[in-house]
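Novice: Supplied in structure tokens, the structure appears directly below.
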Amino acid sequence: MEQAAVNALRTLLHTVQVKGDVSWRRSYGYAVPVRRHSETWANGNVPVFCVVFDPETERLYWANATKQLRVGGQKGRRPRTIRLSGTIEGGTLS
């Protein structure tokens with residue numbers, strides 16, 4: 001019973017790395033550098049999401065960093081940046 005409660009709580013928990021500025025914009029979209037966080041973000045107990053707010057577009061851009069790092073690790077090459085592909089506009093995820 002106790003383990004089931006812990007597992008249920010883990011599904012609700014996550015960590016968010018929030019950044020704000022146009023400096024996170026790249027030619028292909030938005031990205032957050034991983035730097036020394038690769039192992040922590042990939043192997044932590046809760047998923048890590050990266051979110052960038054661009055004040056010029058007034059939009060939030062996001063991605064699941066844990067998933068990108070794990071998939072890259074399975075392929076033998078972890079990314080050095082997390083590419084943000086989703087957007088949040090008006091409270092709606094896409």
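Here, each number is a calculation from the coordinates, and none is a lab measurement. Please read all numbers here as calculations on a predicted model, not as lab measurements. FYI the Cβ positions are ideal-geometry reconstructions off the backbone, even for glycines, and counts take in every protein chain you see.
Novice: Near the amide H of Arg59, under 5 Å away, which other amide H atoms are found, from residues 5 or more places off or on another chain, if H is placed in the peptide plane?
Specialist: Asp54
Novice: Give a residue-ordered list of calculated ³J(HN,Hα) values for segment 62-77 (Karplus: 6.51 cos²θ - 1.76 cosθ + 1.60, θ = phi - 60°; whole Hz; x for Gly, Pro).
Specialist: Rounded to whole hertz, the list is 9, 7, 8, 5, 4, 5, 4, 5, 5, 4, x, x, 5, 8, x, 8.
Novice: Right, something else. Which far-off residues, 5 or more places away or on another chain, put their amide H under 5 Å from the one on Ile82, with H placed in the peptide plane?
Specialist: Here the answer is Val32, Val34, since their amide H atoms fall under 5 Å of that of Ile82.
Novice: For segment 21-34, just list the computed ³J(HN,Hα) in residue order, Karplus coefficients 6.51, -1.76 and 1.60, θ = phi - 60°, integers in Hz, with x standing in for Gly and Pro.
Specialist: With coefficients 6.51, -1.76 and 1.60, one gets 2, 6, 5, 8, 7, 10, 5, 9, x, 10, 8, 10, x, 7 Hz.
Novice: Ratio of segment 37-89's C-alpha Rg to 2.2 N^0.38 Å, to two decimals? Before the final figure, lay out each step's value.
Specialist: Values: Rg = 12.1 Å, N = 53, 2.2 N^0.38 = 9.9 Å.
Expressed relative to 2.2 N^0.38 Å, the Cα Rg reads 1.22.
Novice: Using DSSP to call loops (not H, G, I, E or B), can you name the chymotrypsin sites (Phe, Trp or Tyr not before Pro) in segment 26-59 whose Cβ has at most 12 other Cβ atoms within 10 angstrom? Show your work: numbers first, answer last.
Specialist: On the way: sites: Tyr28, Tyr30, Trp41, Phe49, Phe53; in loops: Tyr28.
Of the chymotrypsin sites (Phe, Trp or Tyr not before Pro), the ones in loops of segment 26-59 whose Cβ has at most 12 other Cβ atoms within 10 Å are Tyr28.
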